Structures are given as structure tokens and as C-alpha cells.
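Down below is the structure, laid out as C-alpha cells.
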Amino acid sequence: LSSRTSAAEKEPGGAEKREKQYRAHQGFGDHHGGVSGAHTYFYADEAKCDQHMETFLRCIDASSGSSEDGFSAIKLTALARPQFLVRFSEVLVKWRRFFHQLAAEEGQAGRAVLDTKLQVEKLQEALANLGVASKAESQQWFTGESVGVSGTVDLLDWNSLFDSRSKLSRPLLIPNRKTGQLEPLLSRFSEEEELQMKRVLQRMDVLAKRAMEKGVRLMVDAEQSYFQPAISRLAVETQRRFNGSQPLIYNTYQCYLREAYNNVTGDVELSRREGWHFGTKLVRGAYMEQERERAAQMGYEDPINPTYEKTNEMYHRCLDYVLEEIKHSRKASVMVASHNEDTVKFTLRRMMELGIHPSDKKVCFGQLLGMCDQITFPLGQAGFPVYKYVPYGPVNEVLPYLSRRAQENRGFMQRANRERDLLWKEVKRRLLAGNLFS
Ligand SMILES: Cc1cc2nc3c(=O)[nH]c(=O)nc-3n(C[C@H](O)[C@H](O)[C@H](O)COP(=O)(O)OP(=O)(O)OC[C@H]3O[C@@H](n4cnc5c(N)ncnc54)[C@H](O)[C@@H]3O)c2cc1C
């Protein structure tokens, strides 16, 4: 993250004004620390991003050559400048928080994200009172598709307003939550940043086109929470373009995040409204220790659920929502990317209850190579689509990844040894009792 500093970051006091979580931090520029279950990238320059794209293209080709219905995974920190992803995330989050702030002022604090609906009239009044936009100006914002039914605006309408920035005639100022002073939101995108946005979208476009041509589905991996709003937004942009007739692009949701359910339900609803296929990989999340440490050091609220049990609940709640969507619309697909046996059992039970058959290929499972074969193989034998995530790269980069997997497998190996001892005891008992095959 230390590579270069853009003009906006050099503004006097600029960094102080920014949401703490979405501020680059020197100590976390190396985002390897405290990371498990994920490969990580360093940003060098745009040429390096192009090289990474070439590698991903080769990976798509390899995946298409080795299996039907294959997947290929990409990481956006390999395709874009991480600092840009942090800044884009900050803008998106500020915009969303402003909506929630307005909702709270209308007495709607704490409601589920899709149940929060602002009355257009009241909203216009609030915006005028805050000095954000005159009634005449905001009148133009809330027309046509950006207003939901019955003259209300929900978060998705609000976000679509952000997308159609051309409607905003001047740089938008929104109030700082702490000081109440107006600060520019959109003017913070410099020309250089607009260019970076264009380039990363172009790279994703190239990858998605190759994936489509080769019959390979593309998964956008989830990364640290301070990149994630931008990563997810870029993934959704690509889904809009390529998931019209099939779920080609899969976005990843990390259920250890407190916001996971809001993120999943919001994007499912968006896919319904816009008519594209919702493809997702659900994971618990690989960056917990680093996230907690960063939040504590920088003094913002920990974005991760407080306990493992809460993360499990969140995973099953999100998964259930997507399974219901599959049952009702048939326009959603999910990869259950987990080594957790309870989660796999939960999925199988809910699939049975909802009448989702393995051969529908709407639900598949994923485990990391070298982990949990005792789950992968029986699932495959029972006819469920199941995949192994295969790490690749230079030996010196892949070895630390594999050694982390070996560490994680230690517990499993101990369990396997215990099981072997028990089986051996049982064989001996039966031999002595003379009923080996009963
Ligand atoms: C195919 C595949 C793809 C993956 N892709 C990604 C990806 O794109 N992005 C990503 O971030 N990860 C990814 N992962 C890793 C994943 O997020 C988990 O780190 C890993 O799978 C372990 O979780 P589990 O569900 O398998 O098992 P479990 O052992 O049941 O869960 C462990 C996980 O629970 C959570 N947890 C543990 N303790 C606590 C606690 N005290 N409080 C709150 N939560 C807690 C953490 O997320 C931890 O990793 C992927 C994993 C697989 C199998």
C-alpha cells in the first residue's frame, strides 16, 4: 500500500477526514500477516496488474482443459491498485452510511436493510435542510428507475443514484457524521483514479469474456474488509454485464462479517430487480486475526462477528436465504466453500427440504486442495458437484500457503489417527470374538 500517493491523499487534513477503516495503513500494507486460507498479492504497478491478468487467463484456459463446468478464481488486489480499492470502498461506505443516517433521522434506525425505505418528499426536505441539494436539484435525482414503488427510496435506489453520477451536476457534499460539516464525496475521485477504475473494469471484462468463451465460471475472491466494498461492487458490475443468461461470475461473501446478511440480501434483491443470475461463493472468511488487530490499532469497530458461533449462525442464515432464492427463482447458484461438516450437513438437509436436487447443479461444494478429502470424496460419490481450490504460483509463494494448510490440517490428522486407532481396536475385538464380518 505504500507504493504511491495520489493527489487527493495529499490534501491537507484529507486522511483525517476519512473513515478510519478505509484508510491505508503502512503496517498492514503487507497484507500477509494473520491471513489463513487465502493467497495474497502485492501491488507493484499497472504493468504488473496486466501480467496478473495474463496469468488468470492461462488459469481459465487450464481450468477449461481439465474439467467440464470448471471454475477459475481471481483476486482483485492482483488486478487493481490496493490503495484505489481502499479509497473506492471508503466512498461507497460513506454513501451507504449517509443513507442510514437519513433513515435514522426518519426514525428507521436498526431496520433490516431492505425494510428501510425513505419517503421521497421527506428525503428531499432533509437534503435541502442539510445543504446537500436544493429541492429543485434533488427532484431530478429521484425520477424513474431510481425511485422504488410508492414514492420511496431504499438502499438499492440510493446506490443506483450513485451509479448515475452524471445526474449530479456538481461535486456532491455530504455531512461528516462527527463534525456535521459538509465534505466532498465524489470530487475525491481524481482523474488518475477514474482511470484506475476503468482499467480494472477492462481487465475484468477481458477475463469474463475468456471465461465465457471457454465455459469456465469466474469467482471473485473476497479479501480484507477495507477492500471488500469496492471488490464486491466491481464484481456486481461484471455480473450485471455477464450474468444475463447464466451465472458466469460468482461474487464471494464472507459470513464472519457483521454486514454479511445485509450484503447478501441486498445483492440478491438487486439481481431480482435487474434480472440477472446471482452467483455466489459463501465462505466464513480468512482474515479474522488481521482484521481484529487492524481495527484495534486504528480504533474503529471490529467488522467481524464477536464469536465463532455468531459466524456459524450468519453462514447458515445467508446460505438459507440463497437456497430459498434458488427454490423460488432458479436464477441463483451457490458454492458452499467450507470444511465445516455441520455446514455441509445443513446444506444437504435444506436442499432435501426445499427439493433442490444435486443434478440441478445450483449448489456445489468447495474445499481447498489438501484439506478435508473426507468431505470432498463422499460428496462427489453421492453425485454432488464438488471442487478443490488449487493454489498455483512460484514455489516460494505457494509453500507458505501450503504450510498454513498443513498447520490447519494438524487437528484433522489427530482426529484421523484417533479414528484409525478405534478401528484397529474394533478389528481386534471382532477377531477375538470370531465375528469379523458381522
Ligand atoms: C473453496 C474455498 C474458497 C475460499 N475462498 C475464500 C475467499 O475468497 N475469501 C476468504 O476470505 N476466504 C476464503 N476461503 C477461506 C474461508 O473463508 C475460511 O477461512 C476457511 O474455509 C475456514 O472456514 P470453514 O468454514 O472451512 O471452517 P471452520 O473451521 O468451521 O471455520 C473457521 C472460520 O470461522 C471463523 N471464526 C473462527 N473463530 C471465530 C471467532 N472467534 N469469531 C468469529 N468468527 C470466527 C473464521 O472465519 C474462521 O476462518 C475459502 C475456502 C474455501 C474452502
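Return the subset of 94/310; 122/327; 198/310 for which the Cα-Cα distance in this structure is over 29 Å, preserving the input order. With Cα atoms farther than 29 Å apart: 122/327; 198/310.
Between the alpha-carbon centres of region 292-342 and region 105-143 there is a gap of 30 Å. Answer rounded, prolate or oblate for region 210-280, using the Cα gyration tensor with square roots of eigenvalues a ≥ b ≥ c: rounded when a/c is under 1.5, else prolate when a/b is larger than b/c, else oblate. Oblate, because a/c is 1.5 or more while a/b does not exceed b/c. Label sites at residue 212 and residue 46, each approximated as a point 7 angstrom past Cα along Cα to Cβ, lie 2.5 nm apart.
Each label was represented as a point 7 Å from its Cα along the Cα-to-Cβ direction; for residue 194 and residue 129 these points are 3.5 nm apart.
Overall shape: oblate for region 257-393, with the ratio a/c of the largest to smallest alpha carbon gyration tensor axis at 1.5 or above and b/c at least equal to a/b.
Length gained on full extension, residue 108 to residue 309: 69.5 nm, using 0.36 nm per residue less the C-alpha separation. Accessible surface comparison of 328, 339, probe 1.4 Å, protein chains only, largest first: the order is 328, 339.
The values are calculated or read from the model by the stated rules, or taken from the named source; none is laboratory data. Computed from a predicted structure; not experimentally measured. Using ideal geometry, Cβ is built from the backbone for each residue, glycine included, and neighbour counts are taken over all protein chains shown. Accessible surface areas use protein heavy atoms only, side chains included; no ligands, DNA or RNA. Shrake-Rupley method; radii C 1.70, N 1.55, O 1.52, S 1.80 Å.
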